[in-house]
Amino acid sequence: MRNQNIVAVHLFFLRGAQILLLRRFNTGYEDGKYSVVAGHVEAGETVTQAALREAKEEVGVSLKMDDLEVVHVMHRKSSDERIDFFMAVTRWGNDITNCEPEKCDELTWYPVSELPEDVIPYVRHAIEGYQKGIHYSEFGW
């Protein structure tokens, strides 16, 4: 049987040695835990297009393709199989704002080397992989 993976994109907004984390709220998935700006790639959409859309939807930032750098790819198994693309963003044109307060109750900059305890495990794994220069991982198998 052919596998049908869900594809998602995650954005590491980086400011010096800090990463932007958001605390999930009222979503039904990992509420109360920290993640990064992220979302599913929709039908007919490229990974890059999804990244640009999610940046605008979640934190009000308009990015260009040149602002994105793929830094990690993860093949992940949870209740289903997923392919996650993690992209670093080090420049953006306007202020970051919480555009989805009904889904996120906190946006905070944390030192990449001192993440809070309650980061979603696969997101922590990807951030740590990024720090070590590891570009691919498998998680949850």
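The values are calculated or read from the model by the stated rules, or taken from the named source; none is laboratory data. None of these values were measured; they are calculated from a predicted model. Cβ coordinates were reconstructed from backbone atoms using ideal geometry, including for glycine residues, and neighbour counts include every protein chain displayed.
Data for the structure
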read-out	value
Looking only at segment 35-60, and only at residues there that are touching an Asp or Glu at 6+ places or on another chain (Cβ under 6 Å) and either within 17 Å of Arg91 (Cα to Cα) or not small (Gly, Ala, Ser) (or both), the one that is surrounded by the most Cβ atoms within 10 Å (Cβ to Cβ)	Val37
Members of segment 7-42 that are of a type outside the set (Ser, Thr, Tyr), modelled with pLDDT under 95 and on the phi < 0 side of the Ramachandran plot	Arg24, Phe25, Asp31
Out of Glu117, Glu102, Glu81, Glu128, sole residue that is within 16 Å of Leu21 (Cβ to Cβ) and surrounded by fewer than 15 Cβ atoms within 10 Å (Cβ to Cβ)	Glu117
Output for segment 1-60, where each listed residue is farther than 15 Å from Phe85 by Cβ and assigned to a helix (DSSP H, G or I)	Lys56, Glu57, Glu58, Val59
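This table checks each residue for (1) under 20 Å from Ser62 (Cβ atoms); (2) in contact with a Phe, Trp or Tyr (Cβ under 6 Å, 6 or more places away or on another chain); (3) among the acidic types (Asp, Glu).
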| site | (1), (2), (3) |
| --- | --- |
| Gln4 | no, no, no |
| Ala8 | no, no, no |
| Leu11 | yes, no, no |
| Gln18 | no, yes, no |
| Leu22 | yes, no, no |
| Thr27 | no, no, no |
| Tyr34 | no, no, no |
| Gly39 | yes, no, no |
| Glu42 | yes, no, yes |
